[in-house]
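Notes follow once the structure below has been shown.
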Amino acid sequence: MACDCALAPSREPVAGSAPARATPIPLSNPILNLAGIVQDSIVDGPGIRCAIFAQGCSHACPGCHNPATHPFGIGVDIGVEEIVSLVRSNPLVSGVTLSGGDPFFQAEGFSVLAARLKRLGYEVAAYTGFTWESLLSSRDPSVQDLLRNLDILVDGPFSLAERDLSLRFRGSGNQRVIDVKKSFAADAARSDAVFAPILCAERRWVG
């Protein structure tokens with residue numbers, strides 16, 4: 001959840017929404033606007049992970065510890081393939097965490113990144129200020145693609161009133177650690193557009 005590497009800004013922010021792009025995003029190697037990358041994080045999930053921080057978030061949670069990641073479009077543009085190469089350059093990394101900012105504001109590019117990393121055998125987790133239910137309700141197919149390429153989702157805005165330092169890998173009691181694969185597998189026989197998630201029970205994630 002922490003972002004300790006700053007990257008130089010590339011453009012002016014656009015308040016409240018993701019910036020419009022002049023050209024279409026290339027689906028084979030989309031460009032992501034990032035606040036930073038930590039290649040050997042031990043605080044963004046279990047084990048040694050590569051943490052990728054999206055630039056841009058409009059949730060504006062009071063007490064957020066990454067406020068510099070809120071403005072849209074002022075990070076560094078990096079292609080998915082370059083990010084994948086960075087992840088693979090560290091043989092100790094077993095998982096990748098998408099954080100921010102909020103990666104769901106750049107769902108199209110992050111869905112491609114998550115799919116590439118999954119094919120390479122990495123556990124992929126994401127933090128978002130959106131709830132599971134609101135993501136399922138989204139009509140944006142990229143949001144659904146990103147969700148389905150995750151193993152773990154930590155959902156919900158940070159709540160200063162519910163801040164709890166005893167929680168593992170989340171900041172407040174309202175946030176849930178969701179087992180995405182089990183949630184979709186359990187709903188495979190149902191037709192509900194929105195369904196309750198299955199919470200992760202693995203001790204390495206929840207203690």
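Take the residues of the stretch 28-56 that are among the β-branched types (V, I, T), closer than 20 Å to V112 by Cβ and under 15 Å from the mean Cα position of the chain (by Cα): which is surrounded by the fewest Cβ atoms within 10 Å (Cβ to Cβ)?
Among those residues, the one meeting the criterion is I37.
Restricting the stretch 113-133 to residues that are of a type in the set (F, W, Y) and either at pLDDT below 95 or not in a helix (DSSP H, G or I) (or both), which is surrounded by the most Cβ atoms within 10 Å (Cβ to Cβ)? Reasoning before the result, please.
Pass one, the stretch 113-133, residues of a type in the set (F, W, Y): 122, 127, 130, 132.
Filter again for either at pLDDT below 95 or not in a helix (DSSP H, G or I) (or both), leaving 122, 127, 130.
Details: Y122: 20, Y127: 29, F130: 19.
If we take residues in the stretch 113-133 being of a type in the set (F, W, Y) and either at pLDDT below 95 or not in a helix (DSSP H, G or I) (or both), then Y127 is surrounded by the most Cβ atoms within 10 Å (Cβ to Cβ).
Can you name every residue in the stretch 157-207 that is over 26 Å from A60 (Cβ atoms) and basic (K, R)? Break it down stepwise before answering.
From the stretch 157-207, those over 26 Å from A60 (Cβ atoms) are 179, 181-193, 195-196, 198-207; that's our starting set.
Within the stretch 157-207, K181, K182, R190, R203, R204 meet the criteria.
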For a quick check of your reading of the model, give me the residue pairs whose first member lies in the stretch 70-83 and is under 18 Å from F104 (Cβ atoms), whose second is at pLDDT 95 or above and of a type in the set (K, R), with beta-carbon atoms closer than 7 Å and at least 6 apart or on different chains. V80/R116
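Tell me, which strands (runs of 3 or more DSSP E) lie completely within the stretch 23-112 with 2 or more residues that are hydroxyl-bearing (S, T, Y)?
95-99
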If you take the residues of the stretch 130-151 that are over 19 Å from A186 (Cα atoms) and charged (D, E, K, R), which of them is farthest from the chain's Cα centre (by Cα)? R139
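Over 29 Å from A161 (Cβ atoms), modelled with pLDDT under 95 and more than 13 Å from the chain's Cα centre (by Cα): which single residue out of E81, E12 fits that description?
Values: E81 fails: modelled with pLDDT under 95.
It is E12.
Charged (D, E, K, R), at negative phi and more than 18 Å from the chain's Cα centre (by Cα): which single residue out of D187, D179 fits that description? Even if it seems obvious, please write down each step before you answer.
Numbers: D179 fails: more than 18 Å from the chain's Cα centre (by Cα).
Result of the check over D187, D179: D187.
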Would you confirm, using the coordinates I've provided, whether E108 is in contact (Cβ under 8 Å) with a residue 60 or more places away in the chain, under 18 Å from P30 (Cα atoms) and either among the aromatic types (F, W, Y) or out of contact with any strand residue (DSSP E or B) (no Cβ under 9 Å at 6 or more places or on another chain) (or both)? yes
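Could you grab me the full set of residues in the stretch 57-95 that are polar (S, T, N, Q) and buried (at least 18 other Cβ atoms within 10 Å of the Cβ)? Please lay out each step first, then the result.
Within the stretch 57-95, the first condition is being polar (S, T, N, Q), and the residues that meet it are 58, 66, 69, 85, 89-90, 94.
Answer for the stretch 57-95, where residues must be polar (S, T, N, Q) and buried (at least 18 other Cβ atoms within 10 Å of the Cβ): N66, T69.
Quick check on this structure: which one of L165, L160 is of a type outside the set (S, T, N, Q), farther than 29 Å from I83 by Cα and touching a residue at least 12 places away in the same chain (Cβ under 8 Å)? It would help to see each step written out before you state the result.
On the way: L165 fails: touching a residue at least 12 places away in the same chain (Cβ under 8 Å).
Among L165, L160, only L160 is of a type outside the set (S, T, N, Q), farther than 29 Å from I83 by Cα and touching a residue at least 12 places away in the same chain (Cβ under 8 Å).
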Only one of (1) closer than 24 Å to P197 by Cβ; (2) at pLDDT below 95 is not met by A60, so which one is it? (1)
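The values are calculated or read from the model by the stated rules, or taken from the named source; none is laboratory data. Predicted, not measured: the structure shown is a model, and the values here were computed from it. In this analysis, Cβ positions are derived from the backbone assuming ideal geometry, glycine residues included, and neighbour counts consider all displayed protein chains.
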